[in-house]
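Worksheet for the structure shown next.
The values are calculated or read from the model by the stated rules, or taken from the named source; none is laboratory data. Note that the structure is predicted; figures quoted are calculated from it, not measured. We place every Cβ from the backbone using ideal geometry, glycine too, and count neighbours over all the protein chains shown. Note: areas computed on protein heavy atoms with side chains; ligands, DNA, RNA excluded. Shrake-Rupley method; radii C 1.70, N 1.55, O 1.52, S 1.80 Å.
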Amino acid sequence: MAASKSERGFEPNASIVLVGCRGAGKRTLGFMGALHLRRRLVTEDHYFEKITGLSRGQFLARNGKERFARQNIEVFKRMLDSNRSGCIIECGMSSLVEEAQDALRAYSRTNPVVYIHREREQISALLEDAAEAKQLLKADERHRDCSNLEYYNLLDDSSSDNTRGSIPTPSSGTSTPMMIDGRPVGHPSKLLQAREDWTKFLDFITGRGGSTRAWLESPFSVNAIPPEFRSYSYALRLRLSYLVDMDLEWEDFEARADCVELIIDHWPNDLLNVVARQVALIRRKLGVPIIYHVEENPRGERRRAPAEKDQMDSALLELGLRLGVDYLSLDLQREEALVNRILKRRGRSRIIGNYWYMGFGALPWLDERQVDNYKRAQSLGCDVVRMVRFCTGDSSVEALEEFKKRIQETLPDPKPPLVAYDFSVLGIRTPLQCRILNPVKHPDMENERDHLATVCTYNNAFELLFGQFLLDPLHYYVLGSNVSYSLSPAMHSAAYDFSGMPHTFQAVTCSTLDDLNQICLCDSFGGGCLTAPFKVAIMPHLKVKSHHATVIGAVNVLLPLRGKTNFILDHANSRNKAGPAREFYGDNTDWSSILTCLRRAISPRNYVQPSKTAGLVVGAGGMARAAIYALIQLGCRNIFVYNRTAHNAFDVARHFNEWWATTQASSAVASGLPQQQPPQEICHVITSLSDPWPQGFQQPTMVLSCVPATSVDGNPPADFEIPLHWLKSPTGGVVVELAYEPLVTPLVAQMYAFRDNVSPSWTVVDGLEVVSEMAIEAFELMTGRMAPKRLMKEVCRKTWEQQQRDTTRSTSSFAS
Ligand SMILES: O=C1C[C@@](O)(C(=O)O)C[C@@H](O)[C@@H]1O
């Protein structure tokens, strides 16, 4: 395999090796990773047995220690060598043997070798024997020397979290389960968070994730444009010294910026592990890109000689790269050797090249050397250039503007995005001088040490943009024939308030395309959530749609495209601005919200196995199409559709089977493989509830009900309950109910009873959980900003409860 340019860049299909101590979770992560990347999982134990025909215990007993040791290392090397691509390899404790470590070091030149570790207390607790645990943990650290990446396997407490979908009590900020009919709403989920973090990490190191894919599939999604290419973006500054003893909860930081800048300004005991844990926490709790910055003069440390500084800082920077941070901030005024070493080992992390002038007498913007600084960063291949000056009133805003203009007009392309600003002891001088990666803090954060982040918060900076007419207040809507009950206005309005946006959101009842047109053609139309009858009917009128919406054949989010440009990036960056719409863009968030809810609720035992897992979708409208697509995206290839009017179910099944056949044919052509004849069908119709579950297929582990539980437009309510002979999955499964009027639909009530009396391994996801997810995604598409998810979910449940109380009150007053 060719060695790649960067020392940490690998062929996308290079096998990934997992090393680490017993109890670190390698096997589980290996299993999840193999499923996610569709790779073979090779475990050392199993491989040993395959090669020698004996388990290790048996081999040892028969051949003695010495022969075992020799055989063991030979098998270990062979395992690595003969599985160079397409696998996840889980190493056992052999990785602590010197010779194995040499082999791993050599392997890590071409392949990712990931050191997995976790909270020491966790490992100690697992191993029981304290002395053994201590020894093992000490030896474990040696894995750092024979690996090139590392992953902190944070404890996943989601399995004990039965408060999902609950209402937090405002005073305490903690959650209490919401009870309906005497039972908690929501469900426990197993290893969901660990799976999400781990699969994102794998996507990063294999180059599958990131914005390119999001961009191609849905260019308006919030992750499609990296923060440095957004029209405005903010970096929340979090110092390590603050994080180890913070006065806020992680949840408080949600949606407070586009990314987090983690500043290593403090060296507590066990520094490398503390930093690794904080990176893991930011990923898990906030889910935003991380800028990793090592401060030159850490708090409370003595002054260090330059050579000493370089050694320590180099180790800390290397740690950032090992952890696969999205951005590494690199001071270009440091020793050239250090700069070059880091650049060479950058892997897939993007480099922010810094020129910081932190003391008095900072270089003025219009000094020629500032342009030279930028040019050097550009020639070193930095992805972003950050130039910051401490300023005591010696520089005007105009000088900075002039400097930016010089860079823009005199230097050749491609030019890395420039972040440039002045700051003083009062913080960044004017928040608007810097458009991207603007430093911000949380409004309630105690942060006296950080001058850069003392003034600005994300929402006051954003409010300023509207105040200065750089952005415009817009009107957003939910549109359809039956939207008076919609919870979207409450959720979106709360999110606007939170983010400092003066937009409005209303439910407007309309049922013809002409009515819809009238609303959408207004200059201050910001976007609309569509519901029946528009989701499918609007399709032929839209020229621009996301890939997903095209495949599904339904749209539920409509955005105006303004101006003459044909560049989607320009349109995406013109959100929150008014003007005449030339075209409209359609996307679908129904499927992705369903997918999110399914992923959260599926237990590891029911992870999708494409050839085996079966799913059932009830209904044949726009939402059922989205549900089928979500199942396909999860990897399910046996999908059954039941609908009261069978011919609609046949239409939907045909739609997806035809699309599937075309997709398979084009991937066969691309890979040069023969086509399957006739193409496999992935969607089947069941015409009657009394039919037995189709022969040759496993019982469904995912059931999605996409029919209204109340009467709509004069049609009788669906009242769907699943036949008991379709509920025979031995591992249980998940039922997603999309209706929430009432919240406990006949199906939900049936499944609660079934869970209590027959099979506890079924999980129920209620309609409010899905609808809040839909609003979250719609908010992000329409505004381009991250949604305050917790807040929106909380508002969703509270508004729904209020609606219930209002209905009860009006019914009882009507009765009296
Ligand atoms: O189905 C739904 C829910 C919804 O209609 C609402 O009222 O929030 C908004 C739609 O865009 C979405 O597809």
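Explain nothing, just compute: Karplus ³J(HN,Hα) = 6.51 cos²θ - 1.76 cosθ + 1.60, θ = phi - 60°, for every residue of the stretch 105-121 in order, whole Hz, x for Gly and Pro.
4, 5, 4, 6, 6, 10, 10, x, 10, 9, 7, 9, 9, 8, 3, 4, 4
Calculate the spin-label point distance for residue 70 paired with residue 281, positioning each point 7 Å from the Cα along the beta-carbon direction, and give it in nanometres.
5.0 nm
So if each residue of separation counts as 0.36 nm, and I subtract the Cα-Cα distance between residue 380 and residue 55, what length gain in nm does that give? Present the calculation step by step, with values, prior to reporting the outcome.
On the way: separation 325, 0.36 × 325 = 117.00 nm, distance 5.20 nm.
Extra length from residue 380 to residue 55 when fully extended: 111.8 nm.
Multiplying the sequence separation of residue 97 and residue 564 by 0.36 nm and subtracting their Cα-Cα distance, what value in nm do you get? Show your work: numbers first, answer last.
On the way: separation 467, 0.36 × 467 = 168.12 nm, distance 6.43 nm.
Full-extension gain reported as 161.7 nm.
Below 10 angstrom from the Cβ of residue 458, what's the summed charge of the other residues (Lys, Arg +1; Asp, Glu -1)?
Numbers: positive: 256, 441, 785; negative: 258, 463.
Within the 10 Å Cβ shell, the charges total +1.
Of all trypsin sites (Lys or Arg not before Pro) in the stretch 683-785, which ones are in loop regions per DSSP and have a Cβ with at most 13 other Cβ atoms within 10 Å? Don't skip to the end; give the middle numbers.
Numbers: sites: 728, 755, 785; in loops: 728, 785.
Filter output for the stretch 683-785: 728.
What order, most packed first, do the peptides 407-413, 504-510 have when packing is the mean number of other Cβ atoms within 10 Å of each residue? Mind showing how you got there, number by number?
Numbers: 407-413: 9.9, 504-510: 18.1.
In descending order of packing, they fall as 504-510, 407-413.
Within the set of other residues whose C-beta is less than 14 Å from the C-beta of residue 383, count the net charge using Lys and Arg as +1 and Asp and Glu as -1. Intermediate values should be presented prior to the final figure.
On the way: positive: 346, 348, 350, 386, 415; negative: 228, 326.
My count for the surroundings of residue 383 gives +3.
Along the stretch 236-252, what does the Karplus equation 6.51 cos²θ - 1.76 cosθ + 1.60 (θ = phi - 60°) give for ³J(HN,Hα), rounded to whole Hz, x for Gly and Pro?
Residue by residue, the stretch 236-252 yields 7, 8, 10, 8, 4, 4, 7, 5, 5, 8, 8, 9, 10, 8, 4, 4, 5 Hz.
Let me make sure I get this right: for the stretch 450-571, a, b and c are the square roots of the gyration tensor eigenvalues over alpha carbons, sorted descending. Under 1.5 in a/c it's rounded, otherwise prolate if a/b > b/c, else oblate. Which is it? Show your work: numbers first, answer last.
Details: a/c = 2.21, a/b = 1.65, b/c = 1.34.
Prolate is the answer for the stretch 450-571, as a/c is 1.5 or above and a/b outweighs b/c.
Using Cα positions and a limit of under 17 Å, work out the aspartates and glutamates in reach of residue 344, with same-chain residues fewer than 8 apart set aside.
7, 11, 310, 313, 318, 326, 331, 335, 336, 383
What percent does the relative contact order of the stretch 729-815 come to when contacts are Cα pairs within less than 8 Å and at least six residues apart?
Details: 70 pairs, mean separation 21.8, N = 87.
Averaging sequence separation for qualifying contacts and normalising by length gives 25 percent for the stretch 729-815.
For the stretch 740-816, restrict the atom set to alpha-carbon positions and state the Rg and Dmax in Å.
Considering the stretch 740-816 through its Cα atoms, Rg and Dmax are 16.4, 49 Å.
Using a cut-off of 28 Å between alpha-carbon atoms, which lysines can reach residue 545, once sequence neighbours fewer than 8 places away in the same chain are excluded?
Output for residue 545: 200, 535, 564, 577, 789, 793.
Can you tell me how the chain classifies by the Cα gyration tensor, rounded, prolate or oblate, using a/c under 1.5 as the rounded cut? Present the calculation step by step, with values, prior to reporting the outcome.
Details: a/c = 1.71, a/b = 1.13, b/c = 1.52.
Here the chain falls in the oblate category.
Calculate the FRET efficiency for residue 468 and residue 250 from the Cβ-Cβ distance with a Förster distance of 41 Å, rounded to the nearest 0.05.
Values: r = 32 Å, r/R0 = 0.79.
Given R0 = 41 Å and the Cβ-Cβ separation, E is 0.80.
Tell me which lysines have Cα within less than 18 Å of residue 77's Cα, excluding those fewer than 8 residues away on the same chain?
50
Determine the shape class of the stretch 220-353: with a ≥ b ≥ c the square roots of the Cα gyration tensor eigenvalues, call it rounded for a/c under 1.5, and otherwise prolate if a/b is greater than b/c, oblate otherwise. Write down the numbers at each step before the final one.
Working: a/c = 2.05, a/b = 1.28, b/c = 1.60.
It comes out oblate by the Cα gyration axes.
Could you grab the relative contact order for the chain? Cα pairs under 8 Å, six or more apart, rounded to a whole percent. Could you put the intermediate results ahead of the total?
Numbers: 1480 pairs, mean separation 76.6, N = 816.
Dividing the mean separation by the residue count of the chain yields 9 percent.
Assuming 0.36 nm per residue, please report the length gained on full extension of the stretch residue 78 to residue 406 beyond their Cα-Cα distance.
112.3 nm
Given the peptides 472-484, 318-330, arrange them by the average over their residues of other C-beta atoms within 10 Å, most packed first. Before the final figure, lay out the partial values.
Working: 472-484: 19.2, 318-330: 23.1.
Top to bottom by mean Cβ count within 10 Å: 318-330, 472-484.
Which peptide among 619-628, 381-390 comes first, and what is the full order, when sorted by highest mean count of other Cβ atoms within 10 Å? Walk me through the numbers on the way to the answer.
Details: 619-628: 26.6, 381-390: 21.5.
The most tightly packed comes first, giving 619-628, 381-390.
Quick one: pull the percent of accessible area on the chain belonging to carbon and sulfur, 1.4 Å probe, ligands and nucleic acids left out.
Values: 18140 of 34790 Å².
Within the chain, the accessible surface is 52 percent carbon and sulfur.
Roughly how many nanometres apart are two label points built 7 Å out from the Cα toward the Cβ at residue 203 and residue 758?
So the two model labels end up 3.6 nm from each other.
Is it possible to state the helix-based mean residue ellipticity at 222 nm for the chain, with each DSSP H run of 4+ residues giving -39500 (n - 2.57), the sum divided by total residues, to the nearest 500 deg cm²/dmol? What is it?
Details: 26 runs with 323 residues, N = 816.
Roughly -12500 deg cm²/dmol at 222 nm, from the helical runs in the chain.
Provide the per-residue ³J(HN,Hα) series for the stretch 7-20, in order, calculated from phi with Karplus coefficients 6.51, -1.76, 1.60 and θ = phi - 60°, each as a whole number of Hz, with x at glycine and proline positions.
Whole-Hz 3J(HN,Hα) from phi for the stretch 7-20: 5, 10, x, 10, 4, x, 9, 4, 4, 10, 9, 10, 10, x.
Cβ under 9 Å from residue 331's Cβ, residue 331 left aside: what net charge do those residues give with Lys, Arg +1 and Asp, Glu -1? List each step's numbers first, then the result.
On the way: positive: 334; negative: 296, 313.
The answer is -1.
Enumerate by residue number the trypsin sites (Lys or Arg not before Pro) in the stretch 17-49 meeting two conditions: DSSP loop (anything except H, G, I, E, B), and at most 16 other Cβ atoms within 10 Å of the site's Cβ. Before the final figure, lay out each step's value.
On the way: sites: 22, 26, 27, 38, 39, 40; in loops: 22, 38, 39.
Here the sparse-neighbourhood loop sites are 22, 38.
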